[in-house]
């Protein structure tokens, strides 16, 4: 098993380059099998960072299908949602579906969570091809799995937490801009 500090920071999930921290990594291991100190979240919705969504929208010429393909390509290639141009990702809402026996996070199976920890540093695997998303909004209905290391505790949602993110992921770069038309 990886050293304790490596595991608590998620560095044991880094595939490339070895020795990097997850956010700086080019590629993470998004295997949904969790370690004894990890938590797995069933993804319900991604909320792409505004700068990332805008860059993808513009580079894809406003073609929603191309945006969807670009997001799927990024996640498949990198094992996380980190736009290689902007360096940004977003957050997600989901439900805890597995908890390792040594997890210090205090989460339970079935608990709704909103990950305020960026998608740029946590393993993500999408399993639905984003078929429920038209690529025309930073709100992405999705199915997949995200692994959470001990230092990456997502806050739980109140039972009234909507599946649709009630807040945009703004960055210092730019607030979200709705697609034309």
Residues within segment 93-142 that are part of a strand (DSSP E or B), within 19 Å of residue 53 (Cα to Cα) and at pLDDT 90 or above, tallied: 8
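Within segment 79-86, identify whether any single residue is exposed (fewer than 15 other Cβ atoms within 10 Å of the Cβ), touching a helix residue (DSSP H, G or I) at 6+ places or on another chain (Cβ under 6 Å), without any contact (Cβ under 8 Å) to a residue 40 or more places away in the chain and in a loop (DSSP other than H, G, I, E, B), and answer yes or no. Lay out the reasoning, then the answer.
Going residue by residue through segment 79-86, those that are exposed (fewer than 15 other Cβ atoms within 10 Å of the Cβ) are 84-85.
From what is left, the residues that are touching a helix residue (DSSP H, G or I) at 6+ places or on another chain (Cβ under 6 Å) are 85.
Checking which are without any contact (Cβ under 8 Å) to a residue 40 or more places away in the chain leaves us with 85.
Filter again for in a loop (DSSP other than H, G, I, E, B), leaving 85.
Within segment 79-86, one or more residues are exposed (fewer than 15 other Cβ atoms within 10 Å of the Cβ), touching a helix residue (DSSP H, G or I) at 6+ places or on another chain (Cβ under 6 Å), without any contact (Cβ under 8 Å) to a residue 40 or more places away in the chain and in a loop (DSSP other than H, G, I, E, B).
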Odd one out for residue 179, checked against (1) modelled with pLDDT of 95 or more; (2) under 21 Å from residue 65 (Cβ atoms): (1)
Members of segment 20-30 found to be surrounded by fewer than 21 Cβ atoms within 10 Å (Cβ to Cβ) and more than 14 Å from the chain's Cα centre (by Cα), listed by number: 20, 21, 24, 26
Residues located in segment 34-78, provided they are out of contact with any helix residue (DSSP H, G or I) (no Cβ under 8 Å at 6 or more places or on another chain), in a loop (DSSP other than H, G, I, E, B) and surrounded by fewer than 19 Cβ atoms within 10 Å (Cβ to Cβ): 36, 61, 62, 63
Selection status of residue 17, surrounded by fewer than 21 Cβ atoms within 10 Å (Cβ to Cβ) and under 24 Å from residue 109 (Cβ atoms): no
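The values are calculated or read from the model by the stated rules, or taken from the named source; none is laboratory data. Since this is a predicted model, take the numbers as computed values, not measurements. Using ideal geometry, Cβ is built from the backbone for each residue, glycine included, and neighbour counts are taken over all protein chains shown.
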